[in-house]
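The numbers here are math on the coordinates, done by the rules we state, and not lab data. Since the model is a prediction, treat every value here as computed from it, not as a measurement. Here the Cβ positions follow ideal geometry from the backbone for every residue, glycine too, while neighbour counts run over all protein chains shown.
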Amino acid sequence: MLYFSETHWTLPDMNAISDEFDRTCNQDDYEEKVAVLVRSAYKRVLRDSNQEYEKWWAAVRLLSKQDHYILVMIRKAALRPRGDQIKLLGTGIAIAALFISLVFLTIYLEGRYGVDFGRYIPSRSTREFLWWATLVSLTIIYFLLRWFLGERRVDNFLAKSLAGLGRILNRSK
């Protein structure tokens with residue numbers, strides 16, 4: 001079944017094999033089991049040399065040009081390239097540093113130049129609209145991330161982030 005393709009070369013009699021597969025196997029269970037195998041193989045390749053790692057991604061890129069059924073399981077495995085977590089961490093730290101810098105900048109400007117930022121705070125109805133717009137935007141971003149990056153990856157990241165935030169908040173009490 002891994003060779004199954006509707007538009008590219010495949011094994012002979014693949015339609016008969018596909019029909020039998022649909023009758024006898026649970027497709028979701030099969031895809032999950034193969035995705036686990038793909039993740040295990042990928043973890044092994046990560047520990048191997050860079051040459052093996054590059055061969056792996058070259059094979060995935062080659063398969064991506066076609067529509068073989070194995071691509072479904074590769075996508076379901078939610079593989080991340082080397083360094084992806086470090087890039088994500090670096091981006092998060094940069095964003096946090098930007099916000100902290102903005103806070104210190106406002107404190108500095110208030111103290112040094114007497115800038116009264118209270119004059120620039122919007123009205124209550126405007127703040128309520130901004131909160132509503134922010135929540136809607138975050139919801140849309142969440143669902144787009146789930147669609148592009150995969151449900152499991154986004155939900156796991158969100159669960160870990162919320163757990164870390166909970167630990168931080170508990171320490172501050």
Quiz item: If you stretched the chain out fully between E20 and K87, how much longer would it get, using 0.36 nm times the residue separation minus the C-alpha to C-alpha distance?
Solution: 19.7 nm
Quiz item: Out of (1) 33, 23, 12; (2) 23, 20, 16; (3) 48, 21, 16, which label holds the value of semi-axes √(5λ) of the Cα gyration tensor in Å that was computed here?
Solution: (3)
Quiz item: What is the extension gain from L62 to L46, computed as 0.36 nm multiplied by their sequence separation minus the C-alpha to C-alpha distance, in nm to one decimal?
Solution: 3.9 nm
Quiz item: Does anyone have the angle between helix 124-149 and the longest principal axis of the chain? Alpha-carbon axes, 0 to 90°, nearest 10?
Solution: 20 degrees
Practice problem: Report the local net charge at Y30: Lys and Arg +1, Asp and Glu -1, summed over other residues whose C-beta lies under 12 Å from its C-beta. | Solution: -3
Practice problem: Could you tell me, in Å, what Rg and Dmax come out for the Cα atoms of region 14-76? | Solution: 13.9, 42
Practice problem: Once you have the Cα-Cα distance between F143 and A96, take 0.36 nm times their residue separation minus that, and quote the gain in nm to one decimal. | Solution: 14.6 nm
Quiz item: By how many degrees, 0 to 90 and rounded to 10, does the Cα axis of helix 151-172 deviate from the longest principal axis of the chain?
Solution: 30 degrees
Self-check item: With Cα atoms, 0 to 90° folded angle of helix 50-64 axis to the chain main axis
Solution: 80 degrees
Exercise. Excluding residues on the same chain fewer than 8 positions from K33, give the lysines whose Cα lies under 17 Å from its Cα.
Key: K43, K76
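Based on the Cβ-Cβ distance from T106 to F157, what FRET efficiency comes out when R0 is 41 Å, to the nearest 0.05? If you can, show how the numbers build up before the last one.
Numbers: r = 30 Å, r/R0 = 0.74.
About 0.85, to the nearest 0.05.
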